[in-house]
Amino acid sequence: MLDQPFRSPPPEPAALAHALHALPGFADVEVAELTSLPQKGLTHAHWRIGARRTIARIPLAADGDPATALAAQAAGFRRAAASGHTPRLQATLAPSLGLPFGVLVVDEIIGRPPKLPAELALLAAALAAIHSVPVPAPSERPPLRDPADAFAATLTALEGDVPFLAGARLAGAALPQIEEELSWARQYIAANTAGPLRMGCNLVVTDAHPGNFLISGDRHAVFLDLEKMLYGAPAIDLAHATSLPALLWDADVAVRLSRDDVRGFYRAYFVHRGDWAKDGMLPWLLPARRLTWLRTTLAFARFRAQDAIARLAPRAASQAHRAIDTALDPLTISEIRQDWLGPEPFTF
């Protein structure tokens, strides 16, 4: 979900094989062993490396300097490994002429997409484990981002998508509703710049939509996309994992959840984190849902304005278009806003 001045095309297999030869244990990789996997996301290509149960994860863009972005993503993999719910990072390859944003070599996870809503508790357990990874002292948190206020940082990020509303071909009452939510977000952040808003700092994944998980044979949920790992507010991850726009993004898991489904997800999460975590986060769970929904909705507006979905594999692109059309529909927006503006606001 990055707006990049330069974006690399998918790599040539010969360039990837040649680069892999520099790694211990990969000197004999042949082009014929490399299999390109369907592109389901906007910022990475993935290649299976023969029968080694290994994946080459290849960034196609970078937020800033490519080497710095690669180092941050590698740090995310290394630090999240303690959770037991992410792939193991085997090696990295520095940016080069044929691979301008570098390569991460990670374990292949053998699994299937989660079955929702039945397996929401498995996703909750994975996020709880990631959020429970010990947080280092502030001086040791780089190269991962560590915003002083996660809600304010989210607002700053989504403000970058506001200019794309003009080109998103919004229908009817969609734009006025989004503008009302933007006004709320700006006022809310301005009024909550200290104290409990900093609800605790945890290792978080940021892009927690269910399509980023696989379920292994022992019903163990693994989170795959560690590009946006940072130290921030876990409530944002919980909101994104159960927000309608995010739920509709991936064809393999697209589903609408009931309020009871969402409550069950939160209950399962706090079983793992404990009452102390729930007590600290409870006042901020609904504002986090509101802000995270706005973040995703604005990102979808940008995707439509930029025609970014054309980069995806056909099946993924078709589902992404459906998700965006649904998310930006004024009736959908009105329905979702009932969770915080309606006569019966959502409760946890």
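The values are calculated or read from the model by the stated rules, or taken from the named source; none is laboratory data. Keep in mind that what you see is a predicted model, and the values were worked out from it rather than measured. Cβ: placed from backbone, ideal geometry, glycine included. Neighbour counts: every protein chain shown.
Return the pairs, sorted by first residue and then second, in which the second residue is modelled with pLDDT under 90 and surrounded by fewer than 20 Cβ atoms within 10 Å (Cβ to Cβ), the first residue lies in segment 40-53 and is closer than 20 Å to PRO113 by Cβ and aromatic (Phe, Trp, Tyr), the beta carbons are less than 6 Å apart, and the residues are 6+ apart or on different chains.
Here the result reads none, with nothing in segment 40-53 linked to a residue that is modelled with pLDDT under 90 and surrounded by fewer than 20 Cβ atoms within 10 Å (Cβ to Cβ).
Among (1) within 22 Å of GLY76 (Cα to Cα); (2) at pLDDT below 95, where does THR193 come up short?
(1)
When you scan segment 216-235, how many residues do you find that are surrounded by fewer than 24 Cβ atoms within 10 Å (Cβ to Cβ) and among the aliphatic types (A, V, I, L, M)?
Residues flagged as surrounded by fewer than 24 Cβ atoms within 10 Å (Cβ to Cβ) and among the aliphatic types (A, V, I, L, M) within segment 216-235 amount to 4.
Taking segment 289-348 as the region of interest, how many residues are closer than 13 Å to LEU42 by Cα and not in a helix (DSSP H, G or I)?
3
Can you say whether ASP279 is over 23 Å from TRP340 (Cα atoms) and out of contact with any His (no Cβ under 8 Å at 6 or more places or on another chain), as far as the supplied structure shows?
no
Please state which one of PRO163, PRO143 is assigned to a loop (DSSP other than H, G, I, E, B), at negative phi and not assigned by TED's automatic domain parsing to the domain that holds SER36.
PRO143
May I ask you to list the residues in segment 225-247 that are part of a loop (DSSP other than H, G, I, E, B) and touching a His at 6+ places or on another chain (Cβ under 9 Å)?
Scanning segment 225-247 gives ASP225, GLU227, SER243.
Name, by its number, the condition in (1) assigned to a loop (DSSP other than H, G, I, E, B); (2) more than 19 Å from the chain's Cα centre (by Cα) that does not hold for PRO38.
(2)
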